[in-house]
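Have a look at the structure below, then the notes.
Read the figures in this text as sums done on the coordinates, not as results from a lab. Fair warning: this is a prediction, and the values are worked out from it, not measured in the lab. Note: ideal-geometry Cβ built from the backbone for every residue, glycine included; neighbour counts use all protein chains shown.
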Amino acid sequence: MKTRILTLALLALFTAVSPLRAATPPVPADKKAVLDRLRGKWRMEATVFKSEWTPEEHKLTGNDSAEWKHGGRILEWHGEASDGNTNLGVFLYDTVRQSYRHWFFGSNGAVNETTGEWDAATKTLTWKGDLGNGLGITATYRFTGENTFESKVLVTGSDGKIYFHLEGKAVRQ
């Protein structure tokens, strides 16, 4: 009986929320075009610098790909690095909040949520987020050509320490 009530409650909730989702405005073409720069297959090379979380500086390579999913609203990113870690990224332009949003999930346990801003003059997407416990993350993707971009990821603490620092380059395949 409890299962039946729960099922009916979930069905009612889904039915009530569905019209709200249908009313979400379409993503403006110029906003989608910014994220579309990330679509495709990429060969990545990066340096992970010595920091609080990284005892030794080391190099990484990887193969990543991104494609539009869910009616073209979500850019889904999948990556695999030479150290065996894999990741999933979800990018979108949130038409309600009117901001770029990104979620990252790594097989090594790394998780973050960031909000992005596009600077057309420098062709740079800058992502910022609060990781909790006094830690913040900033990531930049600077497009240096139609098929290339440079990235930088920095996790810093309120204590002034650098917890993670990665810089890399990507070339579209």
- Classify region 115-168 as rounded, prolate or oblate, taking a ≥ b ≥ c as the square roots of the eigenvalues of its Cα gyration tensor: rounded when a/c is under 1.5, otherwise prolate if a/b is larger than b/c and oblate if not. prolate
- Item | Residue-wise HN-Hα coupling along region 101-114, computed from phi with Karplus coefficients 6.51, -1.76, 1.60 (Hz; x: Gly, Pro) | 9, 8, 10, 10, 9, x, 5, 8, x, 5, 9, 7, 10, 9
- In percent, how large is the relative contact order of the chain, given Cα pairs closer than 8 Å and 6 or more residues apart? 18
- Positive minus negative residues near E80 (Lys, Arg vs Asp, Glu; Cβ under 13 Å): 0
- Message: Can you give me the long-range amide H partners of L38? Hydrogens built in the peptide plane at 1.01 Å from N, cutoff under 5 Å, separation of 5 or more residues or another chain.
- Response: none
- Could you pull out the trypsin sites (Lys or Arg not before Pro) across region 86-124 that fall in loop regions by DSSP (anything but H, G, I, E, B) with no more than 11 other Cβ atoms inside 10 Å? R97
- Message: With n ≥ 4 as the cut-off for DSSP H runs, can you work out [θ] at 222 nm for the chain, using -39500 (n - 2.57) per run divided by the number of residues, rounded to the nearest 500?
- Response: -5500 deg cm²/dmol
- Helix 2-22: inclination vs the chain longest Cα principal axis, degrees, rounded to 10, gives 70
- Task: Could you work out the local net charge near P26, counting Lys and Arg as +1, Asp and Glu as -1, over the other residues with Cβ closer than 11 Å to its Cβ?
- Result: +3
- Task: Please report, in cubic angstrom per residue, the volume enclosed by the convex hull of the alpha-carbon atoms of region 28-172.
- Result: 114
